[in-house]
Amino acid sequence: MKDSQARTIYLKDYKAPDYLVDRTNLTFDLDPHATLVRSHLKVRRNPAVAQDGEILPPLWLDGVDLELLSVSLDGELLPAQRYEEKPGGLSLKVDRSEFDLEVQTRIAPEANTSLEGLYLSNGMYCTQCEAEGFRKITFYPDRPDVMSVFTTTIIAPPSYPVLLSNGNKVDSGTTEDGRLRVTWEDPFAKPSYLFALVGGDLQHVEDSFITSSGRKVKLQLFTEARNIGKCAHAMTSLKRSMRWDEEVYGREYDLDIFMIVAVDHFNMGAMENKGLNIFNSACVLASPETATDAAFQRIESIVAHEYFHNWSGNRVTCRDWFQLSLKEGFTVFRDAEFSADMNSRAVKRIEDVILLRTSQFAEDAGPMSHPVRPDSYMEISNFYTLTVYEKGAEVVRMIHTILGPEAFRRGSDLYFKRHDGCAVTCEDFVKAMEDASGADLTQFRRWYSQAGTPVLDVEDAFDEEKGEYFLTIRQHTPDTPGQKDKLPLHIPVTMGLLGEDGTPQPIDANGEVEMVLHLTEASQTFTFSGIASRPVPSLLRGFSAPVRLHYDYSSTQLQFLMQHDTDPFNRWDACQRLALNSLQVLQQQYRAGETLQVPETLIDGYAAVLDDETLDPALVAKMLTLPSAQELAEQEGKIDAAAIIAARTFLRDAVATALGERFLARYHALETCRPYTPSAADIAERSLKNTCLAYLCASGNEDALMLAKAQFDRGENMTDTAASLATLVEFGPRERAELVLEAFYQQWQQDTQVVEIWFGLQSGSPTFGTLERVQKLMEHPAFEMKNPNKVRAVIAGFAMRNFTQFHREDGQGYRFLADQVIALDKLNPQIAARLVTPLTRWKKYREQESRQIHSALLRISDSGTLSRDLYEVVSKSLDQS
Ligand code: B3K
Ligand code: ZN
């Protein structure tokens, strides 16, 4: 296997920059094939590293895929011997400690399919610079600890009337040859990764926000004309986020304008560029007719996330990319709390925990496993992971739990005050939290450096005579690549005890019914006195730590917790455990060739949940949803795909048959003719209604399918339409499914986002999304290999969300994925490296699948020169002993 330039970078090698850049003036002459970039930098020796009488080190400027036209120093054109172009950049001999540097380069946005740097999306110029994309625009010290004040002038033909960059517009006009010229100035020093530029023929909607100190901020959302009717929800979300950050964190917005631009070609969700956020269209545009509830909620949280970065990321940024979780973990925690405040707190928590358990735990146990603050990387783009984001957010959440809300707020105030305008480390964050609270987080810091998901084994005992209850908790963290023999972590375990009648038991001297146990040793026993009868423990409430908790709950105890726990998250979790236990038993029965037995306890539990009208319908829907095949796979030592599918299908059908009447009654009770709103209450009702519909149709019952068809025909909103369509595709007769799919496409073919839903429904369907169909979808005129959203809908839909078809016995699913990864690597390495994920865990499967997946990986590694992104993932995956 060859790669372009694989080189491992280590945190321990960090060195402060040799030179700083106080001012950065950029001029862009936009052209699809030959954009001219003039960069004028005010450079000075970094006083923090300078020594008396030193020989000045050369100035290193990162640069990739650039055509260098000229270099001038203090106005003098430099001869070629003063600088050297090397792989990855330019090294320049320097003879003074302060100077002006001018560099001219040429780039070709049209040819840039990596969607990093400056590129074109549907004819619109846009940029993506994080983490290291700025070096594809011009030669520059492209590292986050070099912060500079940017002024940007953009020149373009009149067919690009909207020309945007960071900060405030300070000048505009026309050039002598009739082109448009606009200048933007961002008064806040920032690293190059936060630079942004947009040029296009765009429309916008406008609103304003009055900050807590009374300043009026102009809010603008730009999009292509056809999407202008889809901006309202993002604008509302933005205003809510701005208010929330003032109220909850005391953070006020700092510029006079905040802009969001929607683009169709984007590698991830969105980007927090200072004052000019750029968003994947799918994460910002929505209307009730075209977007599902899930999309509405995703938009609300991503708009908030990017906005919150203005403080956690932009005003206070990262010293180096090993510290990525400093901004991402903290900001994910902030956006999760925002979403919890705007919607149902319990449901938001459940969704986040499902993601952790299904995907982050898998990452933590796989070949790419790394700590929240990684020690090394080959390609930083590969480290925008669930570990850095989601586990990173859990680490911040645990600090919040350990400190309590008031001390946590003092800590965040201190952090922002102490480090405003600086590029800092995770250590600085923890230190601010300690200094403001007096807490000792010494041991807690291990969460940043130790990879792997800790396992807690819990045992209990009850001394009836003394009225004492004992909980013994053992912790251990498994070995991960490059890390053995982990030390005990400081783990906060929020818990309560329920008495025989289901009431919460007082568990401390103050009569509190809930407390946080601080686990710091490999094994610890906690004693609770004054307990009248053997209680049922409710452990890890709200999922207070990202761990796997093992306690040998009986089915009766789980049913009890489902009914009585005061913590709604744990009510759901008890229900999940019960379902997981049943599914594990069913898998064993399947493997032993026995007849599968209906698990009556679970069915009874589900019936009680459905009958409980006091429960939030969204929580009911979550409780009635079986763990996904992926989540089940995560529980297994060796994954047996066929057994998982058989068990899950059997259980789903058993629930559907046993509770059919209840599902029908609840479905009808939830039918409304109210106009659509994305309010938490309405979303909750739709989610339960559609959960009932799916169960009703699971048996292939004709009456139920008619209900689904009627819901589809009513077409009241995309949530209900897409849910009924999915049900018809999944459970209806094939010819009819084809007809509804076709009708849906005919109606929505002009709408990019709906077409993505249409692709995803097919590729992810266990019955419909066969390899052959997926291959056909790739020939569909609406499919575009250069558009990551389409790749995610069709290829990732199949490889990551269609457990049944992807794991087909002949291994062709794996081979197909390998071929797509190879093809994509030539166009967009970041997307290729993400898409390969399902092949990385070959060791986790049974022999035949394992061999097939391994050979798909070899197929990639033998295919020629790989990008650094893909090389890192494939080589680490093949490396597992
Ligand atoms: N900070 C960006 C992610 C950039 C990813 C670059 N490969 C979006 C976010 O987390 O807010
Ligand atoms: Zn982020």
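The values are calculated or read from the model by the stated rules, or taken from the named source; none is laboratory data. Owing to the predicted nature of the structure, the values given are computational and were not obtained by experimental measurement. Positions of Cβ are generated from backbone atoms using ideal geometry, with glycine treated the same way; all protein chains shown enter the neighbour counts. These area figures cover heavy atoms from the full protein model, side chains too; ligands, DNA and RNA do not enter into them. Shrake-Rupley method; radii C 1.70, N 1.55, O 1.52, S 1.80 Å.
Structure values in brief
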{"read-out": "Enumeration of residues in region 1-49 that are of a type in the set (Gly, Ala, Ser) and farther than 30 Å from residue 370 by Cα", "value": "34, 39, 48"}
{"read-out": "Wholly within region 27-114, strands (runs of 3 or more DSSP E) carrying at least 2 residues that are open to solvent by less than 40 Å² (accessible area, probe 1.4 Å)", "value": "35-45, 59-62, 67-73, 89-92, 98-107"}
{"read-out": "Residue 250 without any contact (Cβ under 8 Å) to a residue 24 or more places away in the chain, outside the structural domain of residue 335 (by TED's automatic domain parsing), surrounded by fewer than 23 Cβ atoms within 10 Å (Cβ to Cβ) and at positive phi", "value": "no"}
{"read-out": "Single residue of 618, 608 found to be more than 31 Å from the chain's Cα centre (by Cα), small (Gly, Ala, Ser), modelled with pLDDT of 95 or more and part of a helix (DSSP H, G or I)", "value": "608"}
{"read-out": "Matching residues in region 119-132 - criterion: being within 15 Å of ligand 1 (Cβ to nearest atom) and either under 17 Å from residue 30 (Cβ atoms) or without any contact (Cβ under 8 Å) to a residue 60 or more places away in the chain (or both)", "value": "119, 126, 127, 128, 129"}
{"read-out": "Matching residues in region 442-478 - criterion: being under 27 Å from residue 417 (Cβ atoms) and buried (at least 18 other Cβ atoms within 10 Å of the Cβ)", "value": "444, 445, 447, 448"}
{"read-out": "Within region 683-711, tally of residues that are of a type outside the set (Val, Ile, Thr), out of contact with any Asp or Glu (no Cβ under 8 Å at 6 or more places or on another chain) and part of a helix (DSSP H, G or I)", "value": "15"}
{"read-out": "Set 252, 289, 300: member being within 27 Å of residue 427 (Cα to Cα) and outside any strand (DSSP E or B)", "value": "252"}
{"read-out": "Hey, residue 162 modelled with pLDDT of 95 or more, assigned by TED's automatic domain parsing to the domain that holds residue 36 and farther than 24 Å from residue 231 by Cα or not", "value": "no"}
{"read-out": "Count of region 678-702 residues which are loosely packed, with under 14 Cβ neighbours inside 10 Å and at pLDDT 95 or above", "value": "3"}
{"read-out": "Positions within region 525-541 being crowded, with 17+ Cβ neighbours inside 10 Å and not in a loop (DSSP other than H, G, I, E, B), in sequence order", "value": "526, 528, 536, 537, 538, 541"}
{"read-out": "Tabulated pairs, region 660-675, first assigned to a helix (DSSP H, G or I), second hydroxyl-bearing (Ser, Thr, Tyr), C-beta under 7 angstrom, 6+ apart or interchain", "value": "663/695"}
{"read-out": "Residues of region 10-26 that turn out to be part of a strand (DSSP E or B) and surrounded by fewer than 16 Cβ atoms within 10 Å (Cβ to Cβ), as a count", "value": "3"}
{"read-out": "Residue list for region 205-223, restricted to those being at negative phi and part of a loop (DSSP other than H, G, I, E, B)", "value": "211, 212, 213, 215"}
{"read-out": "Cβ-Cβ under 9 Å pairs, at least 6 apart or on other chains, region 165-188 side more than 10 Å from residue 153 (Cβ to Cβ) and assigned by TED's automatic domain parsing to the domain that holds residue 26, far side among the acidic types (Asp, Glu) and open to solvent by less than 40 Å² (accessible area, probe 1.4 Å)", "value": "166/186; 167/186; 168/186; 179/29; 187/254; 188/254"}
{"read-out": "Positions within region 650-677 being in contact with a Ser or Thr (Cβ under 9 Å, 6 or more places away or on another chain) and open to solvent by 50 Å² or more (accessible area, probe 1.4 Å), in sequence order", "value": "653, 657"}
{"read-out": "Residues of region 261-286 classified as in contact with a helix residue (DSSP H, G or I) (Cβ under 6 Å, 6 or more places away or on another chain) and either away from ligand 1 (no atom under 12 Å from the Cβ) or assigned to a loop (DSSP other than H, G, I, E, B) (or both), total", "value": "11"}
{"read-out": "Residues satisfying the stated conditions in region 776-822, i.e. open to solvent by 40 Å² or more (accessible area, probe 1.4 Å), more than 17 Å from residue 853 (Cβ to Cβ) and touching a helix residue (DSSP H, G or I) at 6+ places or on another chain (Cβ under 7 Å)", "value": "778, 784, 785, 786"}
{"read-out": "Helices (runs of 4 or more DSSP H) wholly inside region 303-385 containing at least 1 residues that are crowded, with 20+ Cβ neighbours inside 10 Å and within 14 Å of ligand 1 (Cβ to nearest atom)", "value": "324-342"}
{"read-out": "Residue 586 being open to solvent by less than 10 Å² (accessible area, probe 1.4 Å) and farther than 30 Å from residue 839 by Cβ", "value": "no"}
{"read-out": "Filter result (aromatic (Phe, Trp, Tyr), touching a Gly at 6+ places or on another chain (Cβ under 6 Å) and over 15 Å from residue 31 (Cα atoms)) within region 136-180", "value": "139"}
{"read-out": "Selected residue (criterion: nearest to residue 787 (Cα to Cα)) from residues of region 236-293 that are within 16 Å of ligand 2 (Cβ to nearest atom) and of a type in the set (Phe, Trp, Tyr)", "value": "266"}
{"read-out": "In region 103-133, the residues that are acidic (Asp, Glu) and under 30 Å from residue 313 (Cβ atoms)", "value": "116, 130, 132"}
{"read-out": "Tabulated pairs, region 547-564, first closer than 21 Å to residue 634 by Cα, second assigned to a strand (DSSP E or B) and not polar (S, T, N, Q), C-beta under 6 angstrom, 6+ apart or interchain", "value": "547/456; 548/455; 549/456; 550/457; 551/458"}
{"read-out": "Which listed residue, of 705, 624, 610, is more than 25 Å from residue 803 (Cβ to Cβ), open to solvent by less than 50 Å² (accessible area, probe 1.4 Å), in contact with a helix residue (DSSP H, G or I) (Cβ under 6 Å, 6 or more places away or on another chain) and not β-branched (Val, Ile, Thr)", "value": "610"}
{"read-out": "Close pairs from region 423-439: first without any contact (Cβ under 8 Å) to a residue 24 or more places away in the chain and within 28 Å of residue 148 (Cα to Cα), partner among the aliphatic types (A, V, I, L, M) and open to solvent by 30 Å² or more (accessible area, probe 1.4 Å), Cβ under 8 Å, at least 6 apart", "value": "432/414"}
{"read-out": "In region 301-330, the residues that are out of contact with any Phe, Trp or Tyr (no Cβ under 7 Å at 6 or more places or on another chain) and more than 15 Å from ligand 2 (Cβ to nearest atom)", "value": "319, 322"}
